[in-house]
Protein chains: 2
Amino acid sequence: MNIEAYFKISYGLYVVSSVMDDKLNGYVSNTVFQVTAEPARFAIACSKNNYTAEMIQHSRVFSISVLKKETRPDILGTFGYKSGRNTDKFSGFNFKKGTTGAPVLLDDTLAWFECKVVQMVDTGTHFLFIGDVADGDLLNASDEPLTYAYYREVKKGKTPKNAPTYMDTEKMKEQANSTPSDKYNCTVCGYVYDPARGDPDHGIPAGTPFEDLPETWTCPVCGAEKIDFAIQET
Amino acid sequence: MNIEAYFKISYGLYVVSSVMDDKLNGYVSNTVFQVTAEPARFAIACSKNNYTAEMIQHSRVFSISVLKKETRPDILGTFGYKSGRNTDKFSGFNFKKGTTGAPVLLDDTLAWFECKVVQMVDTGTHFLFIGDVADGDLLNASDEPLTYAYYREVKKGKTPKNAPTYMDTEKMKEQANSTPSDKYNCTVCGYVYDPARGDPDHGIPAGTPFEDLPETWTCPVCGAEKIDFAIQET
């Protein structure tokens, strides 16, 4: 079947966060949805590989921050493309500790919810965490939420490997043939890697083709990985 | 908490259909989302009161038709506001019998999927049906999907009582004070009830205030109920 069909399904984009002992973490999720109104109950699909999934299983609480349409690239980069196992994602961002103990990201957040897990469903590569709303608020009534469609089509954003909606074709697009002079765009934050300039601040001399960058090289702006870059369309 | 916070969660709008023996039915859903990519697996939240829920429990198959932004009001009215227990919702619409046996609505459909249920989760008032994609296709690459936000904010649509996102406040808005001369809009299809004209085709004489319409009266265009009308803003 034509896998473009999957891109007609609508999603928002959220930072889902949790806590374990004194560690806080969160990740960018597009699968947040209400499953019942009475009680107000949300379900989220979370990759078993996510550090946050480990935290939610342990603490049985999570928070949801609804991101606004023009969310800062570093928020998407940090929460969507870095791992909390080796980064304190919340450092440098405004957040509060909620009544459940879960951190709630406040930057670029239109509304937030805190949930207490009532069911955990193993759906294969992902858990569905189902939680009742314990607290929440509207922070910004006027701005529109960031949608997955807007992120993909306007921001040219891609889907992290852990997302339920990840498509291998996106990886394939990465492997398009290129020439040593091609510029590459960070699909997370829009930073342009220009081989003529290189990335001297991070030890990459001018004249280094994108292909020759070490696999450990990351976007100097948002921390996205090499795989998250796409050839600049000319 | 401010319940407007819930309206910042993004959803699409879909017709989810199923089959039981020789009966076909479908309903308008806003809670359709992919939960894993490998295998391609969807979850849908479905009210236990929905006739379609009964069918899915029996046949363990369902289809998803992704509605386009400018979906015909009679599709939303028929699939969203009528009950398949006493209506053949598919009569008069284009659909096909899928490989699973579930009907697939084709009118105003951008893309469709057929799923075989692999898990059923009882979340209280609703079931979560989790199904693997058996078939599907993209019918229209260029049009945008209908989103719940567009339906609510632009179309002034409301949420059926069985939706996971149903809010009592919407009911309250219905009960706003009104005068016998007030015109009322059908929030499903936009039809205007004008007391000066009445609805003679359905036995409602001119001069009948909206308040005096029998509770059994429905929208002559799309079949929405009285509760689905709102006072026309002037």
Subject >> Residues located in the range A:201-222, provided they are open to solvent by less than 40 Å² (accessible area, probe 1.4 Å) and of a type in the set (A, V, I, L, M) >> reply: A:Ile204, A:Leu213
Original post:
Any idea which of (1) of a type in the set (Gly, Ala, Ser); (2) within 30 Å of A:Phe7 (Cβ to Cβ); (3) open to solvent by less than 50 Å² (accessible area, probe 1.4 Å); (4) at pLDDT 85 or above is the one B:Gly198 doesn't satisfy?
Top reply: (2)
Original post:
Which residues, taken from the range A:41-76, are open to solvent by less than 30 Å² (accessible area, probe 1.4 Å) and out of contact with any strand residue (DSSP E or B) (no Cβ under 8 Å at 6 or more places or on another chain)?
Top reply: A:Thr71
**OP:** Sort out which residues of the range B:119-143 are farther than 24 Å from B:Thr99 by Cα, over 21 Å from the mean Cα position of the chain (by Cα) and β-branched (Val, Ile, Thr), and write them in order of number.
**Re:** B:Val121
**OP:** Please find, within the range B:141-159, the residue that is modelled with the highest pLDDT out of those that are open to solvent by 40 Å² or more (accessible area, probe 1.4 Å) and more than 10 Å from chain A (Cβ to nearest Cβ).
**Re:** B:Ser142
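Across the range A:1-40, what is the total count of residues that are part of a strand (DSSP E or B), within 7 Å of chain B (Cβ to nearest Cβ) and open to solvent by 10 Å² or more (accessible area, probe 1.4 Å)? Quick ask: steps written out before the conclusion?
Here is the first cut: in the range A:1-40, the ones part of a strand (DSSP E or B) are A:12, A:14-20, A:23-29, A:32-36.
Now drop any that are not within 7 Å of chain B (Cβ to nearest Cβ), which leaves A:12, A:32-36.
Restricting the remaining residues to those that are open to solvent by 10 Å² or more (accessible area, probe 1.4 Å) gives none.
Counting residues in the range A:1-40 that are part of a strand (DSSP E or B), within 7 Å of chain B (Cβ to nearest Cβ) and open to solvent by 10 Å² or more (accessible area, probe 1.4 Å) gives 0.
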Original post:
Under the condition of being in contact with a helix residue (DSSP H, G or I) (Cβ under 8 Å, 6 or more places away or on another chain) and more than 10 Å from chain A (Cβ to nearest Cβ), which residue from the range B:110-140 is surrounded by the most Cβ atoms within 10 Å (Cβ to Cβ)?
Top reply: B:Phe129
Original post:
Just to be sure, is A:Phe7 of a type outside the set (S, T, N, Q) and under 21 Å from B:Met1 (Cβ atoms)?
Top reply: no
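The values are calculated or read from the model by the stated rules, or taken from the named source; none is laboratory data. Quick caveat, the model's predicted, so the values are computed rather than measured. All Cβ positions, even for glycine, are placed from backbone atoms using ideal geometry, and neighbour counts span all protein chains on display. These area figures cover heavy atoms from the full protein model, side chains too; ligands, DNA and RNA do not enter into them. Shrake-Rupley method; radii C 1.70, N 1.55, O 1.52, S 1.80 Å.
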